[in-house]
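I have placed the structure first, in the form of structure tokens, so that the comments after it can refer back to it.
The values are calculated or read from the model by the stated rules, or taken from the named source; none is laboratory data. Keep in mind it's a predicted model, so treat the numbers as computed, not measured. Virtual Cβ from ideal backbone geometry, glycine too; neighbours counted across all protein chains shown. Just the protein is used for accessible areas: all its heavy atoms, side chains included, with ligands, DNA and RNA removed. Shrake-Rupley method; radii C 1.70, N 1.55, O 1.52, S 1.80 Å.
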Amino acid sequence: MESIRYIKVNGERYRRIWAVGDIHGSYSLLLDKLEEIKFSPETDLLISVGDNIDRGKQSLEVLRLLNTSWFISVLGNHEAIALDAFETQDGNLWYANGGGWYSSLKEEERIEATNLLLTFKQRPHVIEVEVDSKTFVIAHADYPSNVYSYGKQLDSDDVLWSRERLLSSQKGDVHPITGADSFVFGHMILNCVETYANQTYIDTGSVSNGKLSFLRFK
């Protein structure tokens with residue numbers, strides 16, 4: 001099982017902090033939405049819940065944001081699929097899940113995309129943000145425990161893939177996660193942002209629905 005990586009972000013360093021749902025290569029849509037919310041790269045921070053790539057046509061453009069100081073991301077299952085494809089030299093699963101953009105790149109672009117994707121081997125599964133004495137936790141699909149603790153080791157597949165908590169919550173079986181004030185996830189496409197107890201789900205289908213949702217922490 002892969003070790004779960006955590007990082008902490010000091011929210012006091014930023015004027016405003018936003019989380020954004022699964023971008024999936026929708027770079028132009030992202031820029032439009034950032035303009036709508038009056039996002040300032042000089043003073044603000046954008047935290048992606050992962051799945052920055054695939055399905056959309058501008059995956060490389062989104063990956064390039066990793067080079068900026070105002071954009072950070074947790075590992076999503078689509079980045080994990082890409083890393084598996086590099087390791088096994090078998091891209092069938094990746095391409096079946098929207099990775100065809102990679103094969104259509106020019107050689108120099110493919111090298112750039114590869115190098116950016118490989119940085120996800122070190123990027124976190126979990127980002128913890130402290131804002132005004134409150135603790136916010138961002139992961140891709142779930143924090144598969146009812147008790148949060150920084151550095152706690154969990155099943156990485158559950159962090160990246162699990163829909164069990166959301167599906168149970170939608171049926172009325174709702175449980176808070178203790179140890180932090182609020183949790184933010186993506187992964188499962190919803191018609192609108194949904195919140196259950198202290199868990200908010202913000203993947204609203206950037207490619208399928210043309211909706212890219214944000215959650216402001218500060």
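Details
- The stretch 196-218, residues that are in a strand (DSSP E or B) and not aromatic (Phe, Trp, Tyr): 199, 200, 215, 216
- Qualifying residues in the stretch 179-205 (those that are of a type in the set (Ser, Thr, Tyr) and closer than 14 Å to residue 142 by Cα) - the one most open to solvent (accessible area, probe 1.4 Å): 195
- Evaluation of residue 160 against (1) buried (at least 19 other Cβ atoms within 10 Å of the Cβ); (2) closer than 15 Å to residue 47 by Cβ (one fails), failing number: (2)
- Residue match in the stretch 140-154 (condition: open to solvent by 60 Å² or more (accessible area, probe 1.4 Å) and within 17 Å of the chain's Cα centre (by Cα)): no
- Where residue 208 falls short, out of the listed (1) open to solvent by less than 70 Å² (accessible area, probe 1.4 Å); (2) at pLDDT below 95: (1)
- Every residue from the stretch 163-195 that is more than 16 Å from the chain's Cα centre (by Cα), under 18 Å from residue 146 (Cα atoms) and in a loop (DSSP other than H, G, I, E, B): 171, 172, 173, 174, 175, 176, 177, 179, 180, 181
- Restricting 149, 156 to residues that are of a type in the set (Ser, Thr, Tyr) and touching a residue at least 60 places away in the same chain (Cβ under 8 Å) narrows the list to 156.
- Residue list for the stretch 104-134, restricted to those being part of a helix (DSSP H, G or I), open to solvent by 20 Å² or more (accessible area, probe 1.4 Å) and either among the acidic types (Asp, Glu) or in contact (Cβ under 8 Å) with a residue 60 or more places away in the chain (or both): 107, 108, 109, 112
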